[in-house]
Amino acid sequence: MDRSYFHLHLVSDSTGETLLAVSRAVTAQYEGVSAIEHIYPLIRNESQLDRVIVALENAPGMVLYTMVDKVLGSRLEAACQDFGCPCLSILDPVLTMFQSYLGQSYTHRPGAQHVLNADYFKRIDALNYTMMHDDGQQGQDLDAADIILVGISRTSKTPTSIYLANRGYKTANVPLVPNIAPPEQLQHVKKPLVVGLVASPERIAQIRQNRLLALNASDDTAYIDKASITEEIIYSRRLCARNNWPIIDVTRRSIEETAAAIIDLYRNHVSVGEDE
């Protein structure tokens, strides 16, 4: 199928992460269509907005924005009207609903969601822990984790761990290798939720093959052989079953979907622990 492309301008007085997440979620619903993204973060004064308007005139397209400064927002909308570009503030409907329900006006603070509060430092602490405990490193304090991911090579342990850390969960990940015993402490952790990640042999073989090509490495037959990979998966599943660790098949899951399933398991894990 031939793809069609359109210009999408994302204008934010903060980091632009909200706009990016929303626009990509919507674009993904349209087959054969891709956005050429123009991202403008931290737009907070007239001169910064001037550059956005020039870029918009040179490459007209749809405009999504999040700016709490009404003057800047109105000027952007006026420019879009002049250029014939559809324009939408994605926060306005939500802010209006909140204002109506809560009975108070909002603060007009750009980037207010990024204040250096306790949650922010919790995420930084989680990220530091996760980076130090990637791929089985520093296994002596695994019980300090919130979540421990286990799985054979190329089951998305590291990116899932980092995503969870950004959500504030201290996450360690431990590789499982047949004929090599996992860390002794892993067998005795009490506080963390331990989750096994698995995928189909075909999927793992494909990812491993691409990995070898990217590294310009010689083929390791056992590493990419489907029969060998199947044995690794069987070993992984048996280990998880023996320890009553839940298993998530990541073959057709995105990192975000895997993380959401893990967070759901973790909440149940914590609630069970509190009841005991």
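Derivation of every value follows stated rules applied to the coordinates shown; laboratory data play no part. If you're wondering where the values come from, they're calculated on a predicted model, not measured in any experiment. Positions of Cβ are generated from backbone atoms using ideal geometry, with glycine treated the same way; all protein chains shown enter the neighbour counts.
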Taking a ≥ b ≥ c as the square roots of the Cα gyration tensor eigenvalues, with a/c under 1.5 meaning rounded and otherwise prolate when a/b beats b/c, else oblate, which class fits the stretch 71-201?
prolate
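Regarding the chain, what's the average projected area of the Cα-atom convex hull, expressed in nm²?
Values: hull surface 80.0 nm².
That works out to 20.0 nm².
For GLU46 and TYR101, what is the calculated FRET efficiency with R₀ set at 35 Å and r taken between the beta-carbons, to the nearest 0.05? It would help to have the intermediate numbers written out before the result.
Values: r = 33 Å, r/R0 = 0.95.
Efficiency, rounded to the nearest 0.05: 0.60.
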Could you work out the relative contact order of the stretch 1-56? I mean the mean sequence separation of Cα pairs under 8 Å and 6+ apart, divided by the number of residues, in percent.
46
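As an exercise, take the mean of 1/r over every pair of distinct alpha carbons in the stretch 4-113, invert it, and state the Kirkwood radius in angstroms. It would help to have the intermediate numbers written out before the result.
Numbers: mean 1/r = 0.0689 Å⁻¹.
When all Cα pairs of the stretch 4-113 are included, the Kirkwood radius is 14.5 Å.
In the chain, what percentage of the DSSP-assigned beta bridges are antiparallel, given to the nearest 5? Write down the numbers at each step before the final one.
Values: 1 of 29 bridges.
Around 5 percent of the beta bridges assigned by DSSP in the chain are antiparallel ones.
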What order, most packed first, do the peptides 178-189, 150-161, 32-43 have when packing is the mean number of other Cβ atoms within 10 Å of each residue?
150-161, 32-43, 178-189
The ³J(HN,Hα) series, computed from each phi in the stretch 146-159 with the Karplus coefficients 6.51, -1.76 and 1.60 at θ = phi - 60°, rounded to the nearest Hz and given as x for glycine or proline, is 8, 9, 10, 9, 10, x, 6, 4, 6, 10, 6, 5, 5, x
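If you stretched the chain out fully between GLN209 and ILE39, how much longer would it get, using 0.36 nm times the residue separation minus the C-alpha to C-alpha distance? Intermediate results must be reported in sequence, preceding the final value.
Numbers: separation 170, 0.36 × 170 = 61.20 nm, distance 3.39 nm.
Computed gain between GLN209 and ILE39 is 57.8 nm.
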Taking the chain and a Cβ-Cβ threshold of 4.7 Å, the cysteines left without a partner are CYS240
Unit Cα scatterers, Debye sum, the stretch 1-61: log10 I(q)/I(0) for q = 0.19, 0.21, 0.27 Å⁻¹:
-0.73, -0.85, -1.13
Mind checking which aspartates and glutamates have their Cα closer than 14 Å to the Cα of LYS226? Skip sequence neighbours fewer than 8 apart in that chain.
GLU202
Non-local amide H neighbours of ALA199 (under 5 Å, H modeled in plane, Pro and chain starts lacking H): which ones?
VAL250
Hits among lysines - C-alpha to C-alpha of LYS170 under 17 Å, sequence gap 8 or more where chains match:
LYS122, LYS157, LYS190, LYS191
Given the Cα-Cα distance of TYR5 and ALA241 and 0.36 nm per residue of separation, how much length would full extension add, in nm?
80.2 nm
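Calculate how many DSSP beta bridges within the stretch 118-275 are antiparallel, expressed in % of all such bridges and rounded to the nearest 5. Show your work: numbers first, answer last.
Numbers: 1 of 13 bridges.
Roughly 10 percent of the beta bridges in the stretch 118-275 run antiparallel, per DSSP.
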Rounding to the nearest 10 and keeping the result within 0 to 90°, find how far the Cα-based axis of helix 201-214 lies from the longest principal axis of the chain.
70
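What is the stretch 134-194 by shape, rounded, prolate or oblate, if you read a ≥ b ≥ c off the alpha carbon gyration tensor as root eigenvalues and call it rounded for a/c under 1.5, prolate for a/b larger than b/c, and oblate otherwise?
Because a/c hits 1.5 or more and a/b fails to exceed b/c, the stretch 134-194 counts as oblate.
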